[in-house]
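Data block below; observations after.
We did not get these values from a lab; they are worked out from the coordinates using the rules stated. Computed from a predicted model, the values in this text were never measured in an experiment. When we count neighbours, we look across all protein chains shown, and the Cβ atoms used for this are built from the backbone with ideal geometry, even at glycine.
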Protein chains: 2
Amino acid sequence: MARIKDVAAHAGVSVATVSRVLNDNPSVTEETRNRVYAAMTALNYRPNAVARSLRTEATRTLGLIIGDILNPFFTELARAVEDEARLAGYTVIIGNADERADEQDHYVRTLLERRVDGLLICPTAEVTSLIEEVARAGRPLVFLDRTLPGIEVPSVRVESAAAIGELIGHLKALGHRRIAFISGPATLSTGRERTEAFRAAMAAHGLAVPPEYLEAGDFREGSGRAGAARLLDLPEPPEVIFTGDNLMTLGALGEIRARGLRIPRDVALASFDDVPWFVHVDPAITAIAQPTAELGRAAVRMILNRVEGRPAESAALPAQLVVRTSCGETPYGGGPAAARGAGAGDPGQGDERSRS
Amino acid sequence: MARIKDVAAHAGVSVATVSRVLNDNPSVTEETRNRVYAAMTALNYRPNAVARSLRTEATRTLGLIIGDILNPFFTELARAVEDEARLAGYTVIIGNADERADEQDHYVRTLLERRVDGLLICPTAEVTSLIEEVARAGRPLVFLDRTLPGIEVPSVRVESAAAIGELIGHLKALGHRRIAFISGPATLSTGRERTEAFRAAMAAHGLAVPPEYLEAGDFREGSGRAGAARLLDLPEPPEVIFTGDNLMTLGALGEIRARGLRIPRDVALASFDDVPWFVHVDPAITAIAQPTAELGRAAVRMILNRVEGRPAESAALPAQLVVRTSCGETPYGGGPAAARGAGAGDPGQGDERSRS
DNA sequence: GTCCTCCATGTAATCGATTTCATGAGGTTA
DNA sequence: TAACCTCATGAAATCGATTACATGGAGGAC
């Protein structure tokens, strides 16, 4: 593969001049510039980003470590991060932690060795010593979606309490009283926050939460299924199962279907986290939609601020309740076709996730 | 950040010795080795992969360019590629072409500049001059899922004809005759292959395919919806809509639901490409499942063969029909709960997509 | 015509690792 | 004891770019 030296020789100039052309340095004659361009195309020259990075100490690369690549939430997040980074001229390397601290640490190490300019992490449960060290060393780092206690790192997360409160209000208005929650793991900030918000909202509405109505899940399909099974086996099963993320919803749905129960007549279902196909389940699933794409974009802006030496401030973006029909017909509306969001619209409907 | 020189000074050895320790060179005394390790931890040393790559001309990185990161098919593919690459000690950089040739070319350029050791591409429609050049230059390149005509590049793809033949047989056995197909773009090899297989299977079963029963889609949700709308508006609408990929299925489903039609009574639906939630649609959607993960793993093995100088041979992996209930009850089985795969099982059911 | 300035270009150091070749200490053998 | 070998280690070149500094020629001012 042609090197800068070859281009220089072919064009009859020095490597410095070729480098200047490469970097749009204005102090190169139009004529020389053209000769260099000609040499580049003649030799099929492609600058070696490895060499360049070694010298400039910048890779124009961001590392993104997500929790689970098969979870559509993280996929959409990755997509948004990628798009926003691309606009700024950065490439993204995605690492899939598979919700395991050791996998996460593996990627942190790999990405640091590759000298990414910034690191976006959706941290798994444990605060590993590696993460602590990286944070302490002051390397550009931003937490995404989740946070870790006791670590000083700017973060972008979702503010879920308001939407959860709205959901509980909606359920109460529909006449439901016995509401169960399949939570995410208490080791994750998102799991804790949603559980706390659920408890608080129930209390605010004067509804009791017996301990057996709080199932501890792990943001995986299997735990959603198992949690739903235990809830449905209770002497007094809940009227509503509220699940803490889209994969556990998938599991709970599977269990409900396997028992031949009808939604919402036998048991209602609501999901934290919305995915496109919820609309196509019969009945369509009431869900709390997260501002996933905005979350990713905000995180990129934040990490680039840190990379480029500007200050970065943590942010929390509001989630939004999307009322459909899986918890019963809304008393304030028409039939299934007229189901409408309690918020400014229904971001779960239609083509909003397809791009041009 | 500490460099190899600092470690050498701290341990009282030369940089060559540190490098030897780093690379597990056996000709280093146990004692020296320990001193070097101690220095490394003391200084929090992390080898600079950029510098190493410059010298060794290897990045231990693979590039993967997929068609659309929001399509679960490609996500699962990416996941498998990542896993298999990781086993071999490689990192993967994923580029999302968004089904556009210019985006694809952008990533090809970026990845070449970053000197990835090998390139896995799910090529978009056009044969761009860049792709041609890269193929001609003999750089390690493997086509994944799709192929390009007239370009000598090893590829891994899905053999769909047999499964499509089986599906048509299944539909005919259920009494359906008027079967329409919403195809992928004819510019993609997968689009062409599925359309050809559909025509051939229909002909083999003595069924006619009027031109208006062949809708040209583009593997996007919107075209599935529009195609379904046109088919349902025909004076003689089809009894079955067969869609060419999972996103178009999503669109067609949306259109069918919006019209208040019941599946399969008013119109049956079958999908090429299976995704986990098809099980939860009511009725569950009959689909042709692709060996997605195996596709990704095979592609990695192939590119690593090429990278390491071994020969690589193209492969085609068989798709499999998964019969559910969206085309009607099977005359050879029980009720919905007893729906069973025509093949060796139902890879679309249960937890097979969750990992430990 | 001389001198100074400006500016396009070139020379060479540098980034942090790997790797070839040299070196010298210690052990073996005759 | 001399000659030789083995082996751990070090010195220095190298990968392909960027960039500080040097250089020399053209043009303007006097």
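Look at the alpha carbon pairs under 8 Å that are at least 6 residues apart: their mean separation over the length of chain B gives a relative contact order of 15 percent. For the stretch A:155-196, trypsin sites (Lys or Arg not before Pro) meeting the loop criterion (DSSP other than H, G, I, E, B) and having at most 14 other Cβ atoms within 10 Å: A:R177. When all alpha-carbon pairs of the stretch B:4-47 are counted, what percent fall beyond 14 Å? In whole percent, the long-distance tail amounts to 33. Annotation note: trypsin sites (Lys or Arg not before Pro) in the stretch B:223-288 located in DSSP loop regions with a Cβ neighbour count of at most 16 within 10 Å are B:R259, B:R262, B:R265.
The same position A:A16 in the other copies lies at 3.3 nm from this copy, comparing label points 7 Å beyond Cα toward the beta-carbon, shortest first. You can think of it this way: the chain between A:D24 and A:A9 has 3.4 nm of extra reach, that is 0.36 nm per residue less the Cα-Cα gap.
In this structure the amide hydrogen of A:A270, modeled in the peptide plane, comes within under 5 Å of the amide hydrogens of A:I241, A:F242, A:T243, none closer than 5 places in sequence on its chain. Comparing B:V127, B:V240, B:V28, which has the greatest mean-square fluctuation in the GNM of chain B with Cα pairs linked when under 10 Å apart? Result for chain B, Cα springs under 10 Å: B:V28 fluctuates most.
Altogether, the Stokes-Einstein calculation at 20 °C and 1.002 mPa s, with the Kirkwood radius of the stretch A:180-339 over Cα pairs as Rh, returns a diffusion coefficient of 127 µm²/s.
Legend: mean number of C-beta atoms from other chains within 10 angstrom of residue C-beta atoms, peptide B:271-280, equals 4.
When B:A216 is represented by a point 7 angstrom out along its Cα-to-C-beta vector, the spacings to that point in the other copies are 5.8 nm, nearest first. Pull out a ≥ b ≥ c, the square roots of the eigenvalues of the alpha-carbon gyration tensor of the protein assembly as shown, then state rounded if a/c is under 1.5, prolate if not and a/b is larger than b/c, and oblate in the remaining case. The shape class here is oblate. How would chain A be classified by its alpha-carbon gyration tensor: rounded, prolate or oblate, with rounded meaning a/c under 1.5 and the a/b versus b/c comparison settling the rest? Because a/c hits 1.5 or more and a/b exceeds b/c, chain A counts as prolate. Note on the stretch A:32-90: the alpha carbon radius of gyration divided by the globular reference 2.2 N^0.38 Å gives 1.68.
When only the Cβ of Lys, Arg, Asp and Glu is charged (+1, +1, -1, -1), the dipole of the stretch B:91-238 relative to its Cα centre reaches about 340 debye.
Could you tally the net charge around B:L62, taking each other residue with its Cβ under 13 Å from the Cβ of B:L62, Lys/Arg +1 and Asp/Glu -1?
So the surrounding residues net to +3.
Shielding of peptide B:88-95 by partners, expressed as the average count of other chain Cβ atoms within 10 Å per residue Cβ, is 4. For B:K172, the aspartates and glutamates whose Cα falls under 16 Å of its own Cα, not counting residues fewer than eight places away in the same chain, are B:E239, B:E329.
In this label model, A:A16 and B:D266 are separated by 7.6 nm, measuring between points 7 Å along each Cα→Cβ vector.
Most simply put, the protein assembly as shown has about 10% antiparallel DSSP beta bridges, counting only bridges with both residues inside it. Taking every residue in B:69-77 and counting other chain Cβ atoms within 10 Å of its Cβ, the average works out to 4. Cross-link partners for A:K5 among the lysines, with Cα-Cα distance under 30 Å and sequence neighbours closer than 8 places in the same chain left out: B:K5.
Give me the percent of DSSP beta bridges within chain B that run antiparallel, rounded to the nearest 5. The antiparallel proportion sits near 10 percent.
Here each label is just a point 7 Å from Cα along the line to Cβ, and for A:L317 and B:R136 those points are 4.4 nm apart. Would you tally the net charge around B:R230, using a Cβ to Cβ cut-off of less than 11 Å, leaving B:R230 out, and scoring K and R as +1, D and E as -1? Surrounding charge for B:R230 is -3.
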